[in-house]
Structures are given as structure tokens and as C-alpha cells.
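Asks: One structure coming up, written as C-alpha cells, with questions to follow.
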Amino acid sequence: MNRKTNIVLPTEFEKEVYEGLTDSPKHLSSKYIYDSYGDKLFQEIMDMPEYYLTNAEHQIFNSHKEEISNLFQSGNDKFKLIELGAGDGRKTKILLEHLTSNNVNFKYQPIDISHSVLAQLEASIRREIPEVCIEPLQGTYFEILNRINIENGTKKIILFLGSNIGNLTHELAIGFLNHVRDFMHDDDLLFVGFDQKKNPETVLKAYNDPAGITSDFNKNILARINRELDADIDLDQFLHWEVYDPESGTAKSYLVSKKEQSVTIKKLGLTINFNAWETIHTEISQKYDDQTVQWLAEASGFQIEKKFVDTKGYYKNYVFA
Ligand code: AVI
């Protein structure tokens, strides 16, 4: 006879925290920074004067909306605009406004893992641009792309903005792009934002603001471990530290233990010891040049059809086909 036992399987978060904090050197994945408080802090980051990425992409959309819209429409009487990780859609709205005021036939399908992010985005679009036909889709990118693909053969424009790709190593970025390409047909386009290499000082300031918002954002991963895994981490005993290597273009975020200390994570039955000044690596934010983007595109089977740049040359959007 089978007997039912109450075995509770660990969540991905629990597994990754366990593995990352028992590894040497220690690491945690930046995707876990984003709970509702992390989302709010990221909104604040996007409003900071030092975080140039948002303004740069905004400016590209504003200055090139006509050309971008024409590119999206070319050869088709309707299309689906699919946004991966839509967030608050602040840049996409420029395009949505332009498309609706020109009576273009399209459907906007933002994809996000977070219900609340999608609900807020939908409400704001219904309020600000009620003409937009919006269908928010909650889930992981590939789950949803799989589902959408089965529906019909309407042309797809896939947006991946905000240099979100920069949070992936080159190897993971190639894997990601390859996977997206699996869902694309001949006419479909992928529109991706890549933050560019620039004065290292400018990059460092964007990830190390004097108000300490980025520090709070980075430390939210520890706060989340405290909240969700019943841990006793003292956030004040960790330092947010950013480094940027202008050769590789990689900005790296760390949390550095200010002293020798132990923390207990009750839900994992784990005590973690830190040496003084020991690090936890939490995030990479890759910066690119044209050669690197060309290499990534080729390695994942894409061609670069067009690129758009802001006036300072800080940021580029590339059209992959
Ligand atoms: C979401 N992502 C593109 C941001 C970035 O620039 O890497 C996350 C971030 N980390 C610190 N500041 C912003």
C-alpha cells in the first residue's frame, strides 16, 4: 500500500540560495532582487539622473518612432507587438501612442512573470492610451512564446528593452537569443536594447548612486532571504560594491561582508560563515560595442537589420532578423 508523506520540495529560490551561499566564491542570482519591493526600487533607479539607460532609450524611441513603426509594419497589414519583461512600459508607450494615432492594426502583448506589474501596466495603458488593444500575458517568456506561436501566423515583433540582456553572461545571452529565434518566423523581428561601452566613470555612477538606491536594490536580495527564508542577515553589515572593467565591458555588483560574521537561514537549516570582506556576487550589467553585438547576433543565427542610437552614443537598439 502506498503511504502519503508530506514531502515539501524546495523552491528554485531556496535551491539557488543554498547553492550560491555554500559555493566559493559566494554568489546569488540578480533575478531574485525583483519582488514587489525590488520592482519599486528599480522604478526609482530608472528615475535617477545617474541611470542614463532609461532616458537614452526613451530618446531613441521619441526621435525614431516613425522609422521604427514603419519597420514593424513593413509588408504586413497587422502585427503582434510582444514585449518580454514589460515593466512599466514607459518607453513602449511612445510607440503605442504613435501606432494608434496612425490607426495601425496591431495587438500589444506584454509578458511578465509578475501579476501585479502586468495589472498596473494594463491599467495605465487603458487610462492613457485606451485605443490600444492590449493582452497581458503572465508567465515565463518561453512558456508564453510557445503558447502564442501555436495561435496563428500573424507577424511578431518581439521587444526586449532596457538592456535586460546585459544581465546575462555572453554564453547565456546566446542561449537566450537562440531560444527566442526558435519561436520566430521569416518576417518576425526582434528589437533589443544594448547599453554601450562609454566613459567608465559614467557607468560606475549609474550603479553606485549617492542616494544609495542601488545599494538598497542590491541588498533587497538579502532582505528577501530574511523575509522568505526566515534568516537573520543584518543588512548594515554588508556593503554594496560596484566594479566596471572597461576592457570586457562588464559591470559587476557585489555585497561585501564588513566583518567576520555568521548568518542563519532557518528555512534551509543553514548557517553561513563570512570572513571579513568576503564577497557575494549578485549581478552583471554588460556593456557592449557593435563588434560584440554583431558576434552575439551571428552566434545565435540572427542578422542585424538596423540600429538606432541616442545623441550621446550611450545606448543602442538593434533590430535582429
Ligand atoms: C534590469 N537591468 C537591465 C538593470 C541593469 O542596468 O543591469 C538592473 C540594475 N541593476 C542595478 N541598477 C539597475
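Just so it is clear, none of the values below were taken in a lab; they were calculated from the coordinates. Since the structure is predicted, the reported quantities are computational estimates derived from the model, not experimental observations. A quick note on method: Cβ atoms are made from the backbone with ideal geometry, for glycine too, and the neighbour counts reach across all protein chains shown.
Asks: By DSSP, what percent of the beta bridges with both residues in the chain are antiparallel, rounded to the nearest 5?
Replies: Within the chain, antiparallel bridges account for around 60 percent of the total.
Asks: How far, in degrees from 0 to 90, does helix 12-22 lean away from the longest principal axis of the Cα atoms of the chain, to the nearest 10?
Replies: 50
Asks: Moving on. Put +1 on the Cβ of every Lys and Arg and -1 on every Asp and Glu Cβ in the chain; which of I45, S24, V8 then has its Cα farthest towards the positive end of the dipole?
Replies: V8
Asks: Here's something else I'd like to know. How big is the dipole moment of segment 65-208 about its Cα centre under a simple scheme where the beta carbon of each Lys and Arg is +1, that of each Asp and Glu is -1, and everything else is neutral? Debye, nearest 20, please.
Replies: Using Cβ point charges on Lys, Arg, Asp and Glu, segment 65-208 gives about 260 debye.
Asks: To continue, here is another question. Arranged by the count of other C-beta atoms within 10 angstrom, fewest first, what order do L172, L71 take?
Replies: L172, L71
Asks: Quick one: grab the alpha carbon gyration tensor of segment 89-238, order the square roots of its eigenvalues as a ≥ b ≥ c, and give me rounded if a/c is under 1.5, else prolate or oblate depending on whether a/b is larger than b/c.
Replies: prolate
Asks: Which residue, chosen from Q120, V192, L96, occupies the Cα position most advanced towards the positive end of the dipole of the chain, where the dipole is computed from +1 (Lys, Arg) and -1 (Asp, Glu) charges on Cβ about the Cα centre?
Replies: Selected residue: Q120.
Asks: Right, here's the next one. Could you derive backbone 3J(HN,Hα) for segment 126-131 from the dihedral phi with the Karplus parameters 6.51, -1.76 and 1.60 (θ = phi - 60°), listing whole Hz in sequence and x where the residue is Gly or Pro?
Replies: After applying 6.51 cos²θ - 1.76 cosθ + 1.60, I find 5, 6, 8, 9, x, 6 Hz.
Asks: Answer rounded, prolate or oblate for segment 109-171, using the Cα gyration tensor with square roots of eigenvalues a ≥ b ≥ c: rounded when a/c is under 1.5, else prolate when a/b is larger than b/c, else oblate.
Replies: Oblate, because a/c is 1.5 or more while a/b does not exceed b/c.
Asks: Would you mind checking which residues have amide H under 5 Å from I113's amide H? H placed 1.01 Å from N; only 5 or more apart, or other chain.
Replies: G139
Asks: Another question about this same structure. Work out the charge dipole of segment 245-321 with +1 on the Cβ of Lys and Arg and -1 on the Cβ of Asp and Glu about the Cα centre, then indicate which of V263, T282, F308 is farthest towards its positive end.
Replies: Checking the options against the dipole of segment 245-321, the answer is V263.
Asks: Provide the FRET efficiency to the nearest 0.05 for the K78-T271 pair, computing r from the beta carbons and using R0 = 45 Å.
Replies: 0.20
Asks: In nm, to one decimal, how far is the I113 label point from the D290 one, both placed 7 Å along Cα→Cβ?
Replies: Computed distance between label sites I113 and D290 equals 3.5 nm.
Asks: Using θ = phi - 60° and the Karplus form 6.51 cos²θ - 1.76 cosθ + 1.60, what ³J(HN,Hα) does each residue of segment 252-265 get, whole Hz, x for Gly and Pro?
Replies: Result, ordered by residue: 10, 9, 10, 10, 10, 6, 6, 7, 5, 7, 10, 10, 10, 10 Hz.
Asks: Report, in whole Å, the centroid distance computed from the Cα atoms of segment 87-110 and segment 163-210.
Replies: 22
Asks: Find the relative contact order for segment 90-136 and round it to a whole percent, using C-alpha pairs within less than 8 Å whose residues are 6+ positions apart.
Replies: 49
Asks: Also, I was wondering about something else. Please determine, in degrees from 0 to 90 and to the nearest 10, the orientation of helix 170-182 with respect to the longest principal axis defined by the Cα atoms of the chain, where the helix direction is its Cα long axis.
Replies: That works out to roughly 40 degrees.
Asks: Measure off 7 Å from each Cα along the Cα-to-Cβ vector at K307 and E247, then give the distance between these two points in nanometres to one decimal.
Replies: Going by the 7 Å Cα→Cβ label model, 2.3 nm.
Asks: Around G162, what is the net charge, scoring Lys/Arg as +1 and Asp/Glu as -1 over all other residues with Cβ under 11 Å from its Cβ?
Replies: -2
Asks: With each run of n ≥ 4 DSSP H residues scored as -39500 (n - 2.57), what mean residue ellipticity at 222 nm is computed for the chain after dividing by its residue count and rounding to the nearest 500 deg cm²/dmol?
Replies: -12500 deg cm²/dmol
Asks: With each pseudo-label sitting 7 Å past Cα toward Cβ, what's the R227-R147 distance in nm, one decimal?
Replies: Modelled inter-label distance: 2.5 nm.
Asks: Please give the length that would be gained between S262 and K15 if that part of the chain were fully extended, namely 0.36 nm times their separation in residues minus their C-alpha to C-alpha distance (nm, one decimal).
Replies: 87.0 nm
Asks: Within segment 28-72, which residues have the backbone N less than 17 Å from the label spot 7 Å out from Q120 along Cα→beta-carbon, could you tell me?
Replies: From segment 28-72, the list is 32-48, 54.
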